[in-house]
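The block underneath contains the structure these notes are about, expressed in C-alpha cells.
The values are calculated or read from the model by the stated rules, or taken from the named source; none is laboratory data. As the structure is a computational prediction, the values presented were derived from the model and not from experiment. In this analysis, Cβ positions are derived from the backbone assuming ideal geometry, glycine residues included, and neighbour counts consider all displayed protein chains.
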Amino acid sequence: MWGRIVKIALSLPFLIAAGLFGLYLVFGFFLIDPLAQKLLPWIGENKLASQLSVRHVKLNPLTLEATVDGLKLAERTGAPLASVERLYVNLDTTGLFRWAWRIRDIQLDQPQAACHRRGASRRYAELGGADRQTQ
C-alpha cells in the first residue's frame, strides 16, 4: 500500500500539480504586496490620471481574504480624492466551483472622500479619462 502511495506521489502529474499549488501559495502570501506596491501607482497614473498608493496588501490564498491598508487616491497635484484606512474583502469559496465571484464580507475602516462644490463632479468623471485621452 505504501509503495502505491509513493508511486503516485512521485508521478509527474502529481509533482506538477504540487509545484503549481506551491507557486500559488508563494505568490499569494509573499509576492502580492510587492506587486501591488509597484502596480497600483502605475494603474493610478496611467488609467485614472491620478495618484494611487497603498501602504500594505495582504492576501490569504487559501481562504481568499484580502486586506488593503492605507489605500489613497489623489489628484496629480496631490490633493486627496478618496482614501480608506483598511479595506477587507472575503470571497466565498463556493462561488469558485460555479465560476462566479461571490463576496461574503466587505469592511471599510475610516473611508474618506473629498468633494468640492465646483469641479468635483467633473474631476471624478475625469478619472477614467486617461484611457480616452491616449486613444
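Results, tabulated for the structure shown:
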{"read-out": "In the range 1-39, the residues that are touching a residue at least 24 places away in the same chain (Cβ under 8 Å) and hydroxyl-bearing (Ser, Thr, Tyr)", "value": "TYR24"}
{"read-out": "Filtered residues of the range 1-20 (kept if surrounded by 11 or more Cβ atoms within 10 Å (Cβ to Cβ) and not small (Gly, Ala, Ser))", "value": "PHE14, LEU15"}
{"read-out": "Hits in the range 69-98 - residues which are among the polar types (S, T, N, Q), in contact with a Ser or Thr (Cβ under 8 Å, 6 or more places away or on another chain) and under 22 Å from PRO34 (Cα atoms)", "value": "ASN90"}
{"read-out": "Exclusive hit being of a type outside the set (Asp, Glu) and closer than 30 Å to ALA9 by Cα, set ARG104, ARG98", "value": "ARG98"}
{"read-out": "Residue within the range 40-47 that is touching a residue at least 24 places away in the same chain (Cβ under 8 Å), surrounded by 12 or more Cβ atoms within 10 Å (Cβ to Cβ) and not in a helix (DSSP H, G or I) present", "value": "yes"}
{"read-out": "Candidates LEU40, LEU20, filtered to the one that is under 12 Å from the mean Cα position of the chain (by Cα) and either at pLDDT below 90 or of a type in the set (A, V, I, L, M, F, W, C) (or both)", "value": "LEU40"}
{"read-out": "ALA120 at pLDDT 85 or above and of a type in the set (Gly, Ala, Ser)", "value": "no"}
{"read-out": "Members of the range 31-53 found to be in contact with a Leu (Cβ under 6 Å, 6 or more places away or on another chain) and over 15 Å from LYS72 (Cβ atoms), listed by number", "value": "ILE32"}
{"read-out": "Filter result (closer than 28 Å to GLY22 by Cα, outside any strand (DSSP E or B) and of a type in the set (Asp, Glu)) within the range 48-89", "value": "none"}
